[in-house]
Amino acid sequence: MKKDMIVAVCLAIVIVIMSYIATLGGGLGPLFNGVRPLTIIYLNTTLNIHNPNFTAMSPEAVTAIVWDYRGLDTLFETAVFYLAIIGSVAIYRGIDEKLRISEGFGLSKIVKVVTKLLIPMNIAIATSIALHGHLTPGGGFQAGAAMAVIPMLLIIAFSRYFLLDIRLSRGLALALRSVGLLGIALTVFIPVVIGLVNGLNAYIMQNQAKVNAPVSLPAFVGSSLISGSLIMYNVSEFLAVTFGFTLLFILLSIEEGLVKEQMRGEGVEH
Amino acid sequence: MSRLVRAIPIIVLAYVVYIVFSGSVSTYDLVLGFVVALLSGYLTSNLLVSDVRKALNIRRFIWLIIYGIYYLTIAEFKAHSDVIRRILHPRMPINPGIVRTPYNVVNDYSIVAIANSITNTPGTVVVHLDEGKKIYYVHWIYVKAPDPKTTYDNIVKDFERYVKKIFE
């Protein structure tokens, strides 16, 4: 007991000292002494209609950085994430998730009805996050994670068979996830195709015009800001993440007994 | 087509949620929000709506508002004051127990609305639902008597009167 008290007091002192160093002591460097040079660069270039050769045309600096300044990095991050999902799909290959070994009652009617009512609201909110990825904090991945709550809730409240009943199968999830990835892949090459057609210099993943590559994707539709390629990346990523996670949840909810039984069956055949 | 008609109440709900969550009424949001609402309504109408005339009935909607006002003022005040009295009373007069409470509605939404109304008022919590016997199992802070009539009159009756007019 006494030892615990000593440890707790020491921890409290360490936290106080650390927070003092970090804030009042100036331990974070020039953070509190004005705006840093790097920040000034981003503030001047993320959304600057007066400097069309040096802007991402998005007021949301994080999205601008993630899908424009360092777009290739994000592209390969996305690839890593989907390779992980491919791994899960490979592990469960040949397992028929449509077989039912029990009835799947789920939770009580109260939970089920409330869960069902949440679905349309959840779709609206998740899609809003995706469609505002270039305007406000959030974006494709966050929106997809919010959307993937729906299959998770349905599996818990209803049982995984319910997803089969509403025809949200592993195959459909895989297909829609691939549509999302295809969207990202196509968006990567759109500026190059425009450049080839018009005989202009262009880079892959280019969003707005550069000094030596005057190809720009439309930043506005009417008076609405869509930030060129950023909205396309966000929406594609939204689709890919939503159904990537859905696919994982479906695979993870397959009963162990069902998997083992089918694997044994395979073993006997060969 | 009937699926889209049935989706109308869901489209309205999803559209309102989209606009409120986005916090903007720009053309961009009004147009895309409607598309999203349409899509989510179409996808979920089979799950959520079986009789669209009931959902669009103005009289039921007015009863819903009346019930909302009744619930948030009178019902909540009665339940809160009762529990506060029991907490502050020097002898703390509680007699907790789980009782069977019958209900007389058939619609899913009615069953859930009554159950959640019971749970949301302090002092009573629905812990289980037996649809076959049409019984809620309710944890009650002061069990006056466990017979069906007492429990029904004290716990379900007031809510059921309104909910029947809204959802049944």
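The values are calculated or read from the model by the stated rules, or taken from the named source; none is laboratory data. Everything numeric in this text was worked out from a predicted model, so none of it was measured. Heads up, the Cβs are rebuilt from the backbone with ideal geometry, glycines too, and the neighbour counts pull from every protein chain shown.
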Tell me, please, whether a residue that is crowded, with 16+ Cβ neighbours inside 10 Å, touching a Phe, Trp or Tyr at 6+ places or on another chain (Cβ under 8 Å), at pLDDT 90 or above and farther than 20 Å from A:Ile49 by Cα can be found in the stretch A:254-262.
-> yes
Given the conditions (1) crowded, with 24+ Cβ neighbours inside 10 Å; (2) not polar (S, T, N, Q); (3) not in a helix (DSSP H, G or I), every one holds for A:Ile204 apart from (1)
Which listed residue is over 20 Å from the mean Cα position of the chain (by Cα) and not assigned by TED's automatic domain parsing to the domain that holds B:Val163, from B:Val31, B:Val49 = B:Val31
Among the candidates A:Tyr82, A:Tyr161, residue that is surrounded by fewer than 22 Cβ atoms within 10 Å (Cβ to Cβ), hydroxyl-bearing (Ser, Thr, Tyr) and under 16 Å from the mean Cα position of the chain (by Cα) | A:Tyr82
So A:Leu43, is it over 19 Å from the mean Cα position of the chain (by Cα) and either at pLDDT 90 or above or of a type in the set (A, V, I, L, M) (or both) | yes
Any helices (runs of 4 or more DSSP H) falling wholly within the stretch A:1-95 and containing at least 2 residues that are of a type in the set (Gly, Ala, Ser) | A:2-22, A:61-64, A:71-91
Of all residues in the stretch B:46-105, which are acidic (Asp, Glu) and touching a residue at least 24 places away in the same chain (Cβ under 8 Å)?
-> B:Glu76, B:Asp82
Here the residues within the stretch A:136-156 that are in contact (Cβ under 8 Å) with a residue 40 or more places away in the chain, in a helix (DSSP H, G or I), surrounded by fewer than 18 Cβ atoms within 10 Å (Cβ to Cβ) and β-branched (Val, Ile, Thr) are A:Ile156
Which one of these does A:Leu107 not meet: (1) within 14 Å of another protein chain (Cβ to nearest Cβ); (2) of a type outside the set (Phe, Trp, Tyr); (3) surrounded by 16 or more Cβ atoms within 10 Å (Cβ to Cβ)?
-> (3)
Are any residues in the stretch A:205-224 without any contact (Cβ under 8 Å) to a residue 40 or more places away in the chain and among the β-branched types (Val, Ile, Thr), and if so, which ones?
-> A:Val215, A:Val221
Counting only residues that are away from every other protein chain (no Cβ under 14 Å), under 30 Å from A:Glu103 (Cα atoms) and not in a helix (DSSP H, G or I), the stretch A:157-201 contains a total of 3
Sole miss for A:Arg264 among (1) in contact (Cβ under 8 Å) with a residue 12 or more places away in the chain; (2) assigned to a helix (DSSP H, G or I) is condition (1)
